[in-house]
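The values are calculated or read from the model by the stated rules, or taken from the named source; none is laboratory data. Please read all numbers here as calculations on a predicted model, not as lab measurements. All Cβ positions, even for glycine, are placed from backbone atoms using ideal geometry, and neighbour counts span all protein chains on display.
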Amino acid sequence: MRAEALRRLDEAAALDPLLPQIWFHRAEALDDDAGRAPIDSLLRARALAPQVQLTAMRLGERFLRAGLAREVEIVLARLASDPHGGDMADRAQRMIEAAKAGLRALPPAEAGNGSSGN
């Protein structure tokens with residue numbers, strides 16, 4: 001199923017490589033063991049639509065899991081400091097703190113899904 005989704009997303013990307021949703025969903029379809037491919041897809045989505053907060057969150061999560069603390073801070077700093085960012089801003093701040101502490105994930109009680117407040 002995942003392979004079929006990736007095949008279709010790759011076909012869509014070939015037809016319209018400037019559609020950020022394709023790259024976002026491609027990253028979502030990739031496993032953590034896919035190397036850097038999920039990060040590269042999210043970076044492309046972010047470059048095409050930098051205003052999408054959910055893309056920043058997912059990119060921050062991938063950077064956090066990869067142990068790339070500086071990248072977590074770079075990608076989430078604006079969102080974390082947004083006074084109107086609500087739960088998503090709070091989660092971004094916790095992710096930055098976790099990265100600075102050398103963690104590769106938020107503690108389970110704080111994990112959540114990061115999809116509110118967009």
| task | Would you mind stating whether Leu79 is in a loop (DSSP other than H, G, I, E, B) and either of a type in the set (A, V, I, L, M, F, W, C) or within 20 Å of Arg2 (Cβ to Cβ) (or both)? | result | no
| field | Among the candidates Arg26, Arg58, residue that is basic (Lys, Arg) and touching a residue at least 40 places away in the same chain (Cβ under 8 Å) | value | Arg58
| said: Looking at the stretch 76-92 only, could you name the residues that are of a type outside the set (D, E, K, R) and more than 15 Å from the chain's Cα centre (by Cα)? | reply: Ser81, Pro83, His84, Gly85, Gly86
| task | Please specify each residue of the stretch 92-118 satisfying the condition of being modelled with pLDDT of 95 or more and closer than 19 Å to Ala45 by Cβ. | result | Ala92, Met95
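For every residue, the table says whether it meets (1) hydroxyl-bearing (Ser, Thr, Tyr); (2) in a helix (DSSP H, G or I).
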residue	(1), (2)
His25	no, yes
Pro38	no, yes
Ala47	no, yes
Pro50	no, no
Thr55	yes, yes
Leu64	no, yes
| remark: Residue pairs within 7 Å by beta carbon, gap of at least six or interchain, first lying in the stretch 61-75 and farther than 9 Å from Ile96 by Cα, second surrounded by fewer than 16 Cβ atoms within 10 Å (Cβ to Cβ), listed first then second, are Arg65/Asp32; Arg65/Arg104; Arg65/Ala105; Gly67/Arg104
| For the stretch 8-22, which residues satisfy the criterion of being of a type outside the set (Val, Ile, Thr), farther than 22 Å from Ala77 by Cβ and either in contact with a His (Cβ under 7 Å, 6 or more places away or on another chain) or in a helix (DSSP H, G or I) (or both)? | Arg8, Leu9, Asp10, Glu11, Ala12, Ala13, Ala14, Leu15, Gln21
